[in-house]
Amino acid sequence: MDKLQTLAPVLVGVFLGIFIAYCERPWLVAAIVAAGLGAHLAMRAATGLMASHPVVAVTVMQLGVLLPIVIIAVTTAVTTWAAVNIESWLSVDDKSRLAADAKTVSGVLLGAINAFIAGLWMKDAEDPSSALWPAGRTKAAFATAFVAKAKRHKDQRDGTVLVEAVFEDRVSEDGPKGWTYGAALKRLAIISRYS
């Protein structure tokens, strides 16, 4: 199920990117890009709210799934557009050697563009624990918002569970695993036990 939750946004982003590449409504493309920007701003605002309103912050943080979807969509749209048009840019004269090799050259150029884009951010886009995804942002926000509380209780006998709830990917004693929405809410319940 975790793999499906990770792959579904990537698949949605690819389909949305193909849609954008052939969309003739610029306002719709602008709205999609604005949704990604809005998701980024929502995650930043939620990070600031984590200490004072943690449940609201964790809930708002989930909007962040739109950010990688939009990044993948825009990247897919650009590479689709380039793949469709690059061959026509290279064929200057139908009798030239470049025209005969246009398909090969366009494949090499498109491969280089895709490798460059993948090198820039694809690892982060595929890793649900990176700051690009809500889970990664939630983990970072917990570490910032609850660090003082974790330090205060670190030396207590039961303080280990609190420290794990704030910083670790897995909480002992059948606690939550990962940083999904449900796991974050369970972590908040653990944290709230410590005043």
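Just the residues that are free of Cβ contacts under 8 Å to residues at least 24 places away in the same chain and part of a loop (DSSP other than H, G, I, E, B), please, taken from segment 164-192.
If the condition is that a residue be free of Cβ contacts under 8 Å to residues at least 24 places away in the same chain and part of a loop (DSSP other than H, G, I, E, B), then Glu168, Val171, Ser172, Glu173, Asp174, Gly175, Pro176 are the ones that fit.
With respect to Thr80, determine if the residue is in contact (Cβ under 8 Å) with a residue 40 or more places away in the chain, of a type in the set (Ser, Thr, Tyr) and either open to solvent by less than 20 Å² (accessible area, probe 1.4 Å) or farther than 19 Å from Leu188 by Cα (or both).
yes
If you check Trp179, Trp133, which single one turns out to be among the aromatic types (Phe, Trp, Tyr), in contact with a Lys or Arg (Cβ under 7 Å, 6 or more places away or on another chain) and surrounded by 14 or more Cβ atoms within 10 Å (Cβ to Cβ)? Before the answer, list the steps.
On the way: Trp133 fails: in contact with a Lys or Arg (Cβ under 7 Å, 6 or more places away or on another chain).
So the residue among Trp179, Trp133 that is among the aromatic types (Phe, Trp, Tyr), in contact with a Lys or Arg (Cβ under 7 Å, 6 or more places away or on another chain) and surrounded by 14 or more Cβ atoms within 10 Å (Cβ to Cβ) is Trp179.
Just to be sure before I move on: is Gly38 modelled with pLDDT of 90 or more, open to solvent by less than 70 Å² (accessible area, probe 1.4 Å), under 29 Å from Asn114 (Cβ atoms) and not polar (S, T, N, Q) in the structure I sent?
yes
Taking the condition open to solvent by 50 Å² or more (accessible area, probe 1.4 Å), modelled with pLDDT of 75 or more, over 18 Å from the mean Cα position of the chain (by Cα) and basic (Lys, Arg), does Lys139 pass?
Here the answer is no, as Lys139 does not meet what is asked.
Can you tell me which condition Ile117 does not meet? The list is (1) surrounded by 13 or more Cβ atoms within 10 Å (Cβ to Cβ); (2) at pLDDT 75 or above, and all the others hold.
(2)
Would you check if Leu98 is touching a helix residue (DSSP H, G or I) at 6+ places or on another chain (Cβ under 9 Å), at pLDDT 75 or above, more than 21 Å from Ser52 (Cβ to Cβ) and among the aliphatic types (A, V, I, L, M)? Walk me through it before giving the result.
Values: touching a helix residue (DSSP H, G or I) at 6+ places or on another chain (Cβ under 9 Å): yes; at pLDDT 75 or above: no; more than 21 Å from Ser52 (Cβ to Cβ): yes; among the aliphatic types (A, V, I, L, M): yes.
Taking the combined requirement at face value, the residue does not satisfy it.
Every residue, every condition in (1) within 13 Å of Thr138 (Cβ to Cβ); (2) in a helix (DSSP H, G or I); (3) without any contact (Cβ under 8 Å) to a residue 40 or more places away in the chain; (4) open to solvent by less than 60 Å² (accessible area, probe 1.4 Å), yes or no:
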position	(1), (2), (3), (4)
Glu24	no, no, yes, no
Trp27	no, yes, yes, no
Met43	yes, yes, no, yes
Thr47	yes, yes, no, yes
Val58	yes, yes, no, yes
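The values are calculated or read from the model by the stated rules, or taken from the named source; none is laboratory data. Keep in mind that what you see is a predicted model, and the values were worked out from it rather than measured. Glycine also receives a Cβ, built like all others from the backbone with ideal geometry; neighbour counts cover every protein chain displayed. Note: accessible area is taken over every heavy atom of the protein model, side chains too, but ligands, DNA and RNA are not part of it. Shrake-Rupley method; radii C 1.70, N 1.55, O 1.52, S 1.80 Å.
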